[in-house]
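K.L.:
Below is one structure. I have some questions about it.
The values are calculated or read from the model by the stated rules, or taken from the named source; none is laboratory data. What you see is a predicted model, and the numbers here were worked out from it, not measured in a lab. Positions of Cβ are generated from backbone atoms using ideal geometry, with glycine treated the same way; all protein chains shown enter the neighbour counts.
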Amino acid sequence: MDSINKRTSPIKPISQTKWKRLKYPDSYISYCLWLSALVFIAFSIEYLNIPLNRLLGMMGRMGDILANRYYPPDIEYIMDLDYAKSILETIQMAYLGALFGLLATIPLGWFSAFNMTPSRRFVYPVARLITMSCRAVHEMIWAILFVSILGFGMLPGVLALTFFSTGFAGKLFADEIEAIDMGPVEAIRATGANLFQVMIFGVFPQVRVAFTGIAIYTWDAAFRAATVVGFFGAGGMGWYLKRNVLQIETERVTAILLSILILVLISEIISAWARNRVMRMK
């Protein structure tokens with residue numbers, strides 16, 4: 001009988017989300033933040049003298065310009081062998097920039113992690129400053145700087161993407177190291193292991209999957225940035241895009257943009273597949 005009662009016991013209702021009304025002072029702070037944001041937006045529009053009526057009317061004119069000047073795309077232009085070589089240059093530039101940046105990220109991320117840095121007074125702030133500096137400067141500025149020093153070519157582009165990848169991945173890698181469980185690390189240190197052994201056996205197994213995902217994401221971002229870097233003299237597809245923009249070859253510009261879009265889409269598919277494989281490693 002008891003077993004029957006247990007089986008026929010009423011099902012507990014599913015708990016529903018309860019909405020709570022904000023109370024003072026939380027409600028006052030929230031309303032003030034929203035009001036401040038709206039006032040700032042309105043002030044920015046007025047200060048920058050943005051004509052909203054012209055902005056809305058521009059949409060129709062933009063469609064006419066795209067239809068009359070940028071269509072149809074000159075597909076034959078991007079089928080040329082020289083342009084195919086520029087695609088290969090862009091891929092190589094992105095690959096080398098991401099690779100060198102990730103190699104620099106390993107020691108830099110280690111030194112930037114507060115729980116693993118050799119010196120919290122000197123090494124930690126210096127490593128954080130380097131990572132922040134690489135991340136604060138846009139890859140376009142790095143490209144202009146290195147092109148002005150080294151001249152046109154792939155080398156300035158690779159260096160610009162290296163600094164970009166270092167700042168991009170260094171912060172993420174340092175944050176992952178700071179979030180590890182220190183128990184295994186302390187246990188390995190207690191055996192008299194050196195710094196390298198602590199890194200290989202205590203830290204790396206905990207950040208292996210995260211670092212692989214960061215590496216894939218860095219390559220994906222570097223490939224997108226390679227076109228921007230090439231626009232400013234580093235070669236590749238970006239240089240072809242700049243040349244045709246300056247010559248007002250609009251149909252060729254459309255074809256180049258379509259090729260960039262297709263390559264970015266392919267890169268996104270490959271990166272998504274690789275990220276899914278990495279997630280299964282957990």
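K.L.:
I'm checking my understanding of the structure. Among residues of region 173-194 that are part of a helix (DSSP H, G or I) and either farther than 19 Å from Phe211 by Cα or β-branched (Val, Ile, Thr) (or both), which one is nearest to the chain's Cα centre (by Cα)? Spell out the reasoning first.
P.N.:
Taking region 173-194 first, the residues part of a helix (DSSP H, G or I) are 173-178, 182-190.
This time we only want the ones that are either farther than 19 Å from Phe211 by Cα or β-branched (Val, Ile, Thr) (or both), so: 177, 183, 185-190.
Values: Ile177: 19, Gly183: 31, Val185: 30, Glu186: 33, Ala187: 35, Ile188: 34, Arg189: 35, Ala190: 38 Å.
Here the answer is Ile177.
K.L.:
Something else now. Quick one: count up the residues across region 62-89 that are in contact with an Asp or Glu (Cβ under 6 Å, 6 or more places away or on another chain) and assigned to a helix (DSSP H, G or I).
P.N.:
Residues meeting the conditions: 0.
K.L.:
Further question on the same structure: Can you tell me how many residues within region 117-141 are of a type in the set (Ser, Thr, Tyr) and either under 20 Å from the mean Cα position of the chain (by Cα) or outside the structural domain of Gly230 (by TED's automatic domain parsing) (or both)?
P.N.:
From region 117-141, those of a type in the set (Ser, Thr, Tyr) are 117, 119, 124, 131, 133; that's our starting set.
Of the ones still in play, those that are also either under 20 Å from the mean Cα position of the chain (by Cα) or outside the structural domain of Gly230 (by TED's automatic domain parsing) (or both) are 131, 133.
Residues that pass the stated criteria total 2.
Residues are listed down the side, and each one gets a yes or a no for (1) in a helix (DSSP H, G or I); (2) over 18 Å from Asp220 (Cβ atoms); (3) assigned by TED's automatic domain parsing to the domain that holds Pro205:
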residue	(1), (2), (3)
Ile91	yes, no, yes
Leu102	yes, no, yes
Ile106	yes, yes, yes
Asn115	no, yes, yes
Leu155	yes, yes, yes
Thr162	yes, no, yes
Lys171	yes, no, yes
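K.L.:
Only one of these is assigned to a helix (DSSP H, G or I) and either over 18 Å from the mean Cα position of the chain (by Cα) or in contact (Cβ under 8 Å) with a residue 12 or more places away in the chain (or both): Asn276, Asn244. Name it. Walk me through how you get there before you give the answer.
P.N.:
Details: Asn276 fails: either over 18 Å from the mean Cα position of the chain (by Cα) or in contact (Cβ under 8 Å) with a residue 12 or more places away in the chain (or both).
Matching residue, one of Asn276, Asn244: Asn244.
K.L.:
Would you mind stating whether Arg208 is out of contact with any helix residue (DSSP H, G or I) (no Cβ under 9 Å at 6 or more places or on another chain) and among the basic types (Lys, Arg)?
P.N.:
On the way: out of contact with any helix residue (DSSP H, G or I) (no Cβ under 9 Å at 6 or more places or on another chain): yes; among the basic types (Lys, Arg): yes.
Yes; evaluated as a whole, the condition is true for this residue.
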